[in-house]
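FYI, it's all coordinate maths here, none of it is from the lab. Remember, predicted model here, so these are calculated numbers, not experimental data. Glycine also receives a Cβ, built like all others from the backbone with ideal geometry; neighbour counts cover every protein chain displayed.
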Amino acid sequence: MKQLLLRIEPMIWLLFGQGILLGTILLTGWLLVVGLGVPLGIVPAEALSYERAHALGSNVVGRLVLLGLCALPLWKGAHHMRSLSIDFGGASRDALVATVLYAIAAAGSAVAVIAVVRL
């Protein structure tokens, strides 16, 4: 199992890096717009209407963005939890922890793909 994890490590790092990118740039911007912009009247409430959100989800590019916003932060979280486990003395069980965490991230990504396809 350890050899498999070492073999797919570059792919995991790619997903982790993209999760950080989306988590810090896009999700932060979304939280600012929804959390501050709309309540303060800076952004009109119609900008977040169902019709506009559905139009975003109906577009291929919009679906890819939604998929990235749902799936990639799961990989970021899984990698952080794995690192936290190692930091707290879990190096001996790293293969098991990594397998479980990355399996959860993969399952969550599969659910995100299904949800985005069904939009």
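Grab the DSSP H runs of the chain that are 4 residues or longer, score each as -39,500 (n - 2.57), total them, divide by all residues and round the 222 nm result to the nearest 500 deg cm²/dmol.
Calculated mean residue ellipticity at 222 nm is -24500 deg cm²/dmol.
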Next on the checklist: Need one number: nm distance between label points at residue 14 and residue 119, each 7 Å from Cα along Cα→Cβ, rounded to one decimal.
Outcome noted: 2.3 nm
Checklist entry - Of the listed peptides 83-90, 69-76, what is their order by residue-averaged count of other C-beta atoms within 10 Å, with the highest listed first? => result 69-76, 83-90
Checklist entry - If you put +1 on each Lys and Arg Cβ and -1 on each Asp and Glu Cβ, how big is the dipole of the chain around its Cα centre, in Debye rounded to 20? => result 280 debye
Checklist entry - If you take the beta carbon distance between residue 3 and residue 86 as r and set R0 to 22 Å, what does 1/(1 + (r/R0)^6) give as a FRET efficiency, to the nearest 0.05? => result 0.75
Next on the checklist: Can you report the principal axis dimensions of segment 2-117 using only the alpha carbons, biggest first, rounded to whole angstrom?
Outcome noted: 53, 30, 18
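Rounded to the nearest 0.05, what FRET efficiency do residue 24 and residue 96 have when you use their Cβ-Cβ distance and R0 = 35 Å? Write down the numbers at each step before the final one.
Values: r = 30 Å, r/R0 = 0.85.
Between residue 24 and residue 96 the formula returns 0.75.
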